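Please read the structure below before turning to the comments.
Each reported figure results from applying straightforward, stated rules to the coordinates on display, with no laboratory input. Given the structure is predicted, the values throughout are model-derived calculations rather than measurements. Cβ: placed from backbone, ideal geometry, glycine included. Neighbour counts: every protein chain shown.
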Amino acid sequence: MLALVRAREPLVQAQTCRGGTMPLKPLAEKETDPNNGLIPGLPEDMSKICIALVHRRYFPAMGAVSRRWMSFIGSTEFSAVRKEVMKIEELVYVLAGEAGEKGSRWEVLGERKNRAIPPMPGLKKVGFGVVVLSGKLYVMAGYAAVHGKDCVSNEVYHYDARLNRWDTLAKLNFARRDFACTDVNGIIYVAGGFGSGGNNLSSVEAYDPQQNRWTLIESLRRPRWGCFATGLNNKLYIMGGRSSFTIGNSRFVDVYDPTRHIWEEIKRGCVMVTSHAVLGKRLYCIEWKDQRSLSVFNPWDSSWMKILVPLTGSSSTRFCLGTSGGKLLLFSQEEDGHTMTYDPDAAPGSEWGTSELKSVGLCLCSVTIEI
């Protein structure tokens, strides 16, 4: 993936985050008794394979069998077993704006009919962040109008795509909106944004899903808001948005190395990015001022290149980016627009195509989840 979702303004951003095959987890001694396993009478490793082979539509019901089944189906080990038996599936989820300013809802694309998932918990918010990690969709912070006043949140929820349910997680240390977020090596990061008093934030927090805990880490060099984040080469990149120390939109890129716990800076970045996605080991961006080309960032040498989007005539189509099956998705934000695809590995001249994937409403954000 991943994403930051704001009110419908020119600077609406979406953030979005796959792993290789993993060996099956070795059995602990207490798991060797087949009568105490996930499926009585079967060895534990065989039981896990049997559960992983079942079609995903049955996962919510299977999670109700027992706490052990629910825990296993919601675990990273379950994903590893699914990959081992070649049953892992990739689904595209979009946050679609509903007609009549009624808010937004998450939809699953690629099935016979787009399927809406249960509504997000809490108040209807904008300015929140979205990250996908280990088969779960994390929704963080943002703000809502309460009695005519903007209320900034520090609430965090995640949606388990296998169990089709939302859960409440530990709250952020600071309420924030319009901030950057992503994951790097299994840790979720949030950075900058506006605080509850409208103050500009430079604070950065890291979330460990295993501990369900947010920890404050080294702050940004300057307060920054309206920005986005991505994880590349085991580092955290913060781009775009504005800063207290720049006039207009910032071109500086803040880069955090989690192993050395230090921030560095790159002076060449994109500005006014309306959507972005990571495909392979490169970052693809759409800038507000130029919807007819993709800006592609290579972290190995910090270089940028442009790829023209094959639009005809004077079309002013705006796009929301996503990924699926090793291709970049460009969801049109026009009412009758279609979804374009870009395949960086295709033969020259055949990189561009179209997809049947399309949201019912305006696509505000797109993420890909492996189930």
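Once the stretch 75-196 is represented by equal point scatterers at the alpha-carbon sites, with solvent omitted, what log10 I(q)/I(0) does the Debye formula produce at q = 0.09, 0.18 Å⁻¹? Here log10 of I(q) over I(0) equals -0.29, -1.05.
Full extension from residue 346 to residue 300: what is 0.36 nm times the residue separation minus their Cα-Cα distance, to one decimal in nm?
Working: separation 46, 0.36 × 46 = 16.56 nm, distance 2.19 nm.
Stretched fully, the residue 346-residue 300 segment lengthens by 14.4 nm.
When 263, 214 are sorted by how many other C-beta atoms sit within 10 angstrom of their C-beta, beginning with the fewest, the order is 263, 214.
Put in line by how crowded their Cβ is, counting other Cβ atoms within 10 Å and starting with the fewest, 305, 70, 86 read 86, 305, 70. Each residue in 128, 297 was given a count of other beta-carbon atoms within 10 angstrom of its own, and listing them fewest first yields 297, 128.
Straight-distance candidates among the lysines for linking to residue 327, with alpha-carbon spacing under 19 Å and chain neighbours fewer than 8 residues away dropped: 281, 306, 358.
Computed from the coordinates I sent, Rg and Dmax of the Cα atoms in Å equals one of (1) 19.9, 63; (2) 20.8, 69; (3) 26.4, 101. Tell me the label. Identified label for the calculated read-out: (2). What lysines sit close enough to residue 149 to cross-link, taking a C-alpha to C-alpha distance under 25 Å and skipping anything fewer than 8 places away on the same chain? Within the straight-line cut-off, residue 149 pairs with 102, 124, 125, 171.
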